[in-house]
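One structure below.
The values are calculated or read from the model by the stated rules, or taken from the named source; none is laboratory data. Quick caveat: nothing in here was measured; it's all calculated off a predicted structure. Counting neighbours? That spans all protein chains shown, and the Cβs are built from the backbone with ideal geometry, glycine included.
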């Protein structure tokens, strides 16, 4: 399994999120208008870290 790197403070500031009227989550790059991801489902990684991965 590869190690996940945490974003730098600058990297965290570069990303933004918002929720659409339909409840979808959009994650976007503030410096690149073409870089974004829209999803209808999101998980709380704090919960995953606390309980561990599902098997």
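So is residue 22 exposed (fewer than 10 other Cβ atoms within 10 Å of the Cβ), at pLDDT 75 or above and not in a loop (DSSP other than H, G, I, E, B) or not?
Against the criterion (exposed (fewer than 10 other Cβ atoms within 10 Å of the Cβ), at pLDDT 75 or above and not in a loop (DSSP other than H, G, I, E, B)), residue 22 does not qualify.
Among the residues of the stretch 25-55, the ones that are part of a loop (DSSP other than H, G, I, E, B), in contact with a helix residue (DSSP H, G or I) (Cβ under 9 Å, 6 or more places away or on another chain) and modelled with pLDDT of 80 or more come to 2 in all.
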